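Notes follow once the structure below has been shown.
The values are calculated or read from the model by the stated rules, or taken from the named source; none is laboratory data. Because the structure is predicted, anything quoted here is derived from the model rather than measured. Counting neighbours? That spans all protein chains shown, and the Cβs are built from the backbone with ideal geometry, glycine included. Quick note on the areas: whole protein, heavy atoms, side chains included, nothing else; ligands and nucleic acids left out. Shrake-Rupley method; radii C 1.70, N 1.55, O 1.52, S 1.80 Å.
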Amino acid sequence: MSFYIGPMTDVSTTGADLDPTAQQPALDESVDPTTTGGVDDPGPAGSDDTGPAGSGGRDSLTVTDNRTGETYELEITDGTIRAADLKQISADGQGLATYDPGFVNTASCRSAVTYIDGDAGILEYRGYPIEQLAESSTFLEVAYLLLNGELPNETELASWVHDITTHTFLHENVKQLMQGFRYDAHPMGMLMSSVSALSTFYPDANQISDVDNRQLQITRLIAKMPTLGAFAFRHAQGKPYVYPDNRLSYVENFLAMLFKMSEPTYGADPRLVKALDVLLILHADHEQNCSTNAVRSVGSSQVDPYSAVAAGIGALYGPLHGGANESVLKMLRRIGSVDNIPGFIDGVKAGKEKLMGFGHRVYKNFDPRATIIKKACDDVFAVTGVNPLLKIAQELERIALEDEYFIKRKLYPNVDFYSGLIYEALQFPPEMFTVLFAIGRTPGWLAQWAELVQDKEQKIARPKQIYTGHRTRTFVPMADR
Ligand code: ACO
């Protein structure tokens with residue numbers, strides 16, 4: 001098969017002259033479309049500016065099927081072709097499909113929520129750079145931005161904060177459900193189950209096309225996530241659950257539910273409150289990552305948002321995703337001392353294990369969140385004292401960044417490399433790290449879910465497969481096997 005990329009020919013006017021391979025040599029299929037000069041930059045995300053300046057036409061990809069000699073012209077929109085357009089390419093009655101395990105080069109949706117340029121290390125929520133939001137905003141303000149597309153004015157923010165604050169309590173039966181877990185239950189398992197259980201407490205949440213109903217469930221879930229997370233934490237410690245204190249801010253209230261004992265009001269250090277708020281902002285969304293894809297995929301069946309977000313929590317739990325920060329801490333502890341780093345790195349390079357907290361599907365130069373977190377580390381350690389594992393982490397980073405193995409594969413510290421150190425300094429056990437991630441990610445999941453349910457182009461997620469098994473065998477009775 002060969003490809004040609006150029007302006008889309010108007011079929012209605014060119015008739016038989018359609019085959020552009022007659023005018024231009026066909027490009028080998030290994031050619032990167034972005035380097036051919038035939039495709040313009042697709043422009044800002046969501047822009048309609050997809051054609052080359054002055055061409056007056058749309059971009060297209062011309063494909064010649066060497067099996068049949070047929071040529072096809074596929075429209076290029078926003079730097080993508082539609083996989084469904086490949087179906088018409090057929091030598092055997094089976095339309096051509098794409099094979100893309102892990103979705104490494106497949107866009108599953110159009111989204112206006114979060115923009116990432118992995119090569120340039122850019123992350124923007126609704127167009128606002130993450131650095132500015134981390135510096136000047138608050139988590140609830142960012143949540144509003146993600147969900148509504150614009151920063152709130154003063155009245156809108158006050159009303160949003162009020163709504164969240166008044167939905168922090170859980171039904172007592174949710175508390176009892178959580179109390180039913182084993183004493184050593186992982187808090188992510190508890191969180192996933194209890195979020196899923198919320199769908200039974202709010203059965204009206206299945207009215208997903210009702211905008212007010214959606215807003216109510218979104219408010220409920222963002223409000224209740226810290227309460228669920230804190231209850232899961234207290235459960236593991238055998239301590240009584242602490243009810244929300246609605247006089248406190250979102251983060252202060254969370255810290256109080258986690259750590260309050262007999263004091264009438266829990267007073268958190270404002271520097272730690274700010275650091276945790278920043279961490280939640282950094283985790284608030286990250287476009288089509290594994291857990292967001294899970295939320296969207298499950299949400300595409302039109303199930304309620306609690307069930308969809310519970311699926312996202314399950315995806316986040318995995319060590320290659322949100323569970324990485326827990327693994328980083330365990331890894332640093334296992335390395336134990338700076339002297340053991342070279343031996344550990346040799347093991348990674350020999351493929352025995354991964355350097356957790358390194359590497360990213362999208363960021364190939366640096367993860368902007370890791371840069372902000374490193375600064376937050378300093379702020380937190382100024383209050384709590386330096387985490388002794390920091391020295392190992394810094395030396396590990398230094399050695400890895402100078403090592404050919406990591407340079408060649410463009411492996412850099414990701415958001416999880418340092419976040420665990422801060423969380424530990426804040427007195428969280430490693431099992432809680434991913435819970436903190438989930439609380440931060442909830443507005444992003446819900447913004448993406450709300451976008452999904454309003455997107456007329458979306459269908460129930462249902463990938464194809466390449467079947468590799470047996471065909472049509474005759475059942476063998478037990479006696480003959
Ligand atoms: N340590 C050592 N080698 C690595 C690492 C790592 N952390 N990450 C990737 N590699 C290697 C792979 O073995 C592969 O090498 P090869 O070409 O010789 O086979 C190459 O780098 C490319 O890696 P892939 O696995 O193909 O990259 P992918 O984009 O699929 O995976 C991922 C990205 C899952 C994040 C991966 O880098 C990883 O497992 N990192 C460690 C876990 C981690 O920190 N996850 C958190 C990600 S951030 C987040 O979810 C919030």
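Here are some residues: Gln465, Gln448. Which one is in a loop (DSSP other than H, G, I, E, B) and on the phi < 0 side of the Ramachandran plot?
Exactly one of Gln465, Gln448 is in a loop (DSSP other than H, G, I, E, B) and on the phi < 0 side of the Ramachandran plot, namely Gln465.
Which is of a type in the set (Asp, Glu) and closer than 15 Å to Ile218 by Cα, of Asp163, Asp184? Don't jump to the end; show me each part of the working.
Values: Asp184 fails: closer than 15 Å to Ile218 by Cα.
Within the list Asp163, Asp184, the selection yields Asp163.
Does Leu355 fit the bill of being outside any helix (DSSP H, G or I), under 30 Å from Gln458 (Cβ atoms) and either within 14 Å of the ligand (Cβ to nearest atom) or free of Cβ contacts under 8 Å to residues at least 24 places away in the same chain (or both)? Spell out how you get there, then give the answer.
Values: outside any helix (DSSP H, G or I): yes; under 30 Å from Gln458 (Cβ atoms): no; either within 14 Å of the ligand (Cβ to nearest atom) or free of Cβ contacts under 8 Å to residues at least 24 places away in the same chain (or both): yes.
So Leu355 fails the test.
Out of all the residues in region 142-194, which are open to solvent by less than 70 Å² (accessible area, probe 1.4 Å), more than 19 Å from Ala447 (Cα to Cα) and without any contact (Cβ under 8 Å) to a residue 24 or more places away in the chain?
Scanning region 142-194 gives Ala158, Gly180.
Answer yes or no as to whether Val476 is at pLDDT below 90 and out of contact with any helix residue (DSSP H, G or I) (no Cβ under 7 Å at 6 or more places or on another chain).
No.
Name the single residue that is farthest from Gly102 (Cα to Cα) among those in region 330-352 being touching a helix residue (DSSP H, G or I) at 6+ places or on another chain (Cβ under 7 Å) and within 12 Å of the ligand (Cβ to nearest atom).
Checking each candidate, the answer is Phe344.
Being touching a residue at least 24 places away in the same chain (Cβ under 8 Å), open to solvent by 40 Å² or more (accessible area, probe 1.4 Å), in a helix (DSSP H, G or I) and of a type in the set (Lys, Arg) is the filter here, so list the residues in region 359-417 that pass it.
Lys374, Lys391
Among the residues of region 419-436, are any over 21 Å from Gly121 (Cα atoms), in contact (Cβ under 8 Å) with a residue 40 or more places away in the chain and open to solvent by 50 Å² or more (accessible area, probe 1.4 Å)?
So far as region 419-436 goes, yes, one or more of its residues are over 21 Å from Gly121 (Cα atoms), in contact (Cβ under 8 Å) with a residue 40 or more places away in the chain and open to solvent by 50 Å² or more (accessible area, probe 1.4 Å).
For residues that are touching a helix residue (DSSP H, G or I) at 6+ places or on another chain (Cβ under 8 Å) and at pLDDT 95 or above, scanning just region 104-121, find the one that is farthest from the ligand (Cβ to nearest atom). Give the steps one after another, and end with the answer.
Residues of region 104-121 that are touching a helix residue (DSSP H, G or I) at 6+ places or on another chain (Cβ under 8 Å), as a first pass: 106, 108-109, 111-114, 121.
This time we only want the ones that are at pLDDT 95 or above, so: 106, 108-109, 111-114.
On the way: Thr106: 14, Ser108: 16, Cys109: 19, Ser111: 18, Ala112: 22, Val113: 16, Thr114: 13 Å.
Per the criteria, the residue is Ala112.
Being of a type in the set (Val, Ile, Thr) and either assigned to a helix (DSSP H, G or I) or touching a Ser or Thr at 6+ places or on another chain (Cβ under 7 Å) (or both) is the filter; apply it to region 195-235 and report the residue that is surrounded by the fewest Cβ atoms within 10 Å (Cβ to Cβ).
Selected residue: Val211.
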